Amino acid sequence: MSAILGAIAGNAFSHVRDSLDSLGAAPPQVLLLEGGTEAQRLDAALYWACRANCPDAERDGSPCLDCPTCRQTAAWENLDVAAYDGRISNTQDQAEPGPIRALNIDNVRELKSTLKDPPHARFRVTLLMGIENNRSGAANALLKVLEEPSKGNLFVLLCPQRQQLLPTLVSRSLCLTLPWPDPEAVTPELLELQAEIAHFLETGRDFFNKTGSKGFDQEQAFVAVMAVHKGLIRILAGTAGNSPLDQTLARLSPAGLMQLGRWIGEANQALQAMVTPARVTEAFLANVYVLLHDGQQQAAVPGKRARS
Ligand SMILES: [Zn+2]
């Protein structure tokens, strides 16, 4: 296995690569990739694009990941690969247009005209992400494209869970599920996030810059709530460490810890019910902040949260 597309290089992903290899013999027009992390879904989509166009894949059934086509694909330099993300703002798109573009009317119009031309190689592969709860005109225009047979064009939808997409969209896709992230894994990103949450819980500051940014989505909200949940589990299990988050949460009384457990459950429920991720995360952390700093009173902010 080559070093490119490292997020899905491990053994845990061999069945994903095998599935993509065999699907490549008669590629579905719309492939839906769910599960895994964002990076893993992206690399799986790029692997699919390699499978579609690598000259070796026609003969061997799997892409070589070493030829110019595969390398350009993995580096986002392949003219037959395009990607759109509903979470990228128009301002961001104009200021620093990367390989992944915003899902706006202008970009979709440009894509629709490109789709009419034949691809440079066998297939043009278009990746679509950040389309959960996206009801914009641009998203609708793009979804219409998926309904029509389109020779030489393959589409990949990327999302954490298929339930987050419109049922009509799921029904016309072939769904492939990546291994779900290991809830016990402690990554550098998770450690950093825990430190940021601890800082907020001590000072009441800074974390809302993160939740207020356009990219803060349901997946990140789940991870933030999970970070606190893991801290709670460590405290209850008597295995709390020296991390700032553990130290902070350890100040809660037994009743406070129980209250925290209930809020974690409520926050997860609200996220599953598609309440705005930033709002859920902010209300959750604000509750915990109040509980820590005003421990004598029950937290002032009620559990009920507005739906938007
Ligand atoms: Zn190749």
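Within the listed set 96, 219, 147, the Gaussian network model of the chain (springs between alpha-carbon atoms below 10 Å) gives the highest mean-square fluctuation for 96.
Between the residues 99, 180, 30, the greatest Cα displacement towards the positive end of the dipole of the chain, with unit charges on the Cβ of Lys, Arg, Asp and Glu, is found for 30.
Each pair of Cα atoms in region 6-178 enters the Kirkwood radius, and Stokes-Einstein at 37 °C and 0.692 mPa s then converts it into a translational diffusion coefficient of 203 µm²/s.
Need one number for the chain: average projected area of the convex hull over its C-alpha atoms, nm². Don't skip to the end; give the middle numbers.
Numbers: hull surface 68.1 nm².
It is 17.0 nm².
A convex hull fitted to the Cα coordinates of region 188-293 yields 87 cubic angstrom per residue. Estimated from the Cβ-Cβ distance and a Förster radius of 22 angstrom, the FRET efficiency linking residue 274 and residue 38 is about 0.75. Close amide H pairs (under 5 Å, H built 1.01 Å from N) link residue 83 with 101, 127, residues at least 5 positions away or on another chain.
So if I place +1 on the C-beta of Lys and Arg and -1 on the C-beta of Asp and Glu, and nothing else carries charge, what would the dipole magnitude of region 6-178 be about its Cα centre? I want it in debye, nearest 20.
Numbers: 17 positive and 20 negative charges, 91 e Å.
Here region 6-178 has a charge dipole of around 440 debye.
Restriction of the trypsin sites (Lys or Arg not before Pro) in region 149-205 to DSSP coil positions whose beta-carbon has at most 12 other beta-carbons within 10 angstrom yields 151, 205.
Test of the criteria: in region 1-96, which trypsin sites (Lys or Arg not before Pro) are in a DSSP loop and have at most 10 other Cβ atoms within 10 angstrom of their Cβ? Mind dumping the intermediate values first?
Details: sites: 17, 41, 51, 59, 71, 87; in loops: 87.
Answer in residue order: no site qualifies.
Rounded to the nearest 20, the size of the Cβ-charge dipole of the chain about its Cα centre is 860 debye, with Lys and Arg at +1 and Asp and Glu at -1. Close amide H partners of residue 30, meaning residues 5 or more places away or on another chain with modelled amide H under 5 Å apart, are 155, 174. In region 6-178, taking the dipole from charged Cβ atoms about the Cα centre, the farthest positive-side position among 86, 114, 169 is held by 169.
Values in this text are rule-based calculations from the coordinates and carry no lab data. The structure displayed is predicted, hence computed values, not measured ones. For neighbour counting, all protein chains shown are included, and Cβ atoms are generated from backbone atoms with ideal geometry for every residue, glycine included.
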